[in-house]
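What follows is a single structure, written as C-alpha cells, with notes after it.
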Amino acid sequence: MHRLISETQSAFVRGRQILDGVLIANEVIDEAKRLKKKVLLFKVDFEKAYDSVDWDFLDFVMGKMHFPTKWRNWIRECISTSWVSVLINGSPSKEFKMERGLRQ
C-alpha cells in the first residue's frame, strides 16, 4: 500500500486523521513566527473532487499502477452501474445514472 499512498497523505488512511495536515501547518506557522522567519504556505483544495473523477482516466491510472485486470473490471462495474438522486429543497429528485465521479 505504501507504493500507492504517500506517507504524507493524512486523510482516508487508517491511523491518520484529516486534521493532521492542519496541525502540521499550524506548527510550521508558529515555528516561523517564533524564529521570525518568512514563510510561504500554499493550500490546494480540490472542490468537488469526487464529482469530477473521469472513469476512463481512473482505469488508465490503475493500469499504470499494475492493478490486475480483474480488479479494474470490478471497480469499473461498481462505479458505472450507480444510480443516484440529489436533494433539492429537501426533496429527492428522480434517480439518474451517474456518468462520471465517485460516490462518497
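Summing +1 for each Lys or Arg and -1 for each Asp or Glu, what net charge is found among the other residues whose Cβ lies under 10 Å from the Cβ of residue 85? It would help to have the intermediate numbers written out before the result.
Values: positive: 94; negative: 95.
Result for the local shell: 0.
Along each principal axis of its Cα atoms, how long is the chain end to end? Whole angstroms, biggest number first, please.
Between the extreme Cα coordinates on each principal axis of the chain lie 56, 44, 24 Å.
Collect residues whose amide H, placed 1.01 Å from N in the peptide plane, falls under 5 Å from the amide H of residue 82; neighbours closer than 5 in sequence don't count.
Hits under the 5 Å cutoff: 98.
Evaluate the charge dipole of region 51-104 about its Cα centre and quote only its size in Debye, nearest 20, assuming +1 on the Cβ of each Lys and Arg and -1 on the Cβ of each Asp and Glu.
On the way: 8 positive and 7 negative charges, 31 e Å.
Value, rounded to 20: 140 debye.
What list of ³J(HN,Hα) couplings, whole Hz, do you get for region 56-64 from phi and the Karplus terms 6.51, -1.76, 1.60, once you set θ to phi - 60° and write x for glycine and proline?
Result, ordered by residue: 5, 5, 4, 5, 4, 5, 4, x, 5 Hz.
Only four residue types carry charge here, +1 at the Cβ of Lys and Arg and -1 at the Cβ of Asp and Glu. Report the dipole size of the chain about the Cα centre in Debye, rounded to the nearest 20. Kindly include the intermediate steps, with their values, before the conclusion.
Details: 18 positive and 14 negative charges, 62 e Å.
Roughly 300 debye, rounded to the nearest 20.
Calculate how steeply helix 69-80 sits against the longest principal axis of the alpha-carbon atoms of the chain, using the helix alpha-carbon long axis, and give the answer as 0 to 90 degrees to the nearest 10.
80
Rule-based calculations on the coordinates, nothing more; no lab input. Keep in mind that this is a model prediction, so the values were computed, not measured. Note that each Cβ is placed from the backbone with ideal geometry, even for glycine, and that neighbours are counted across all protein chains shown.
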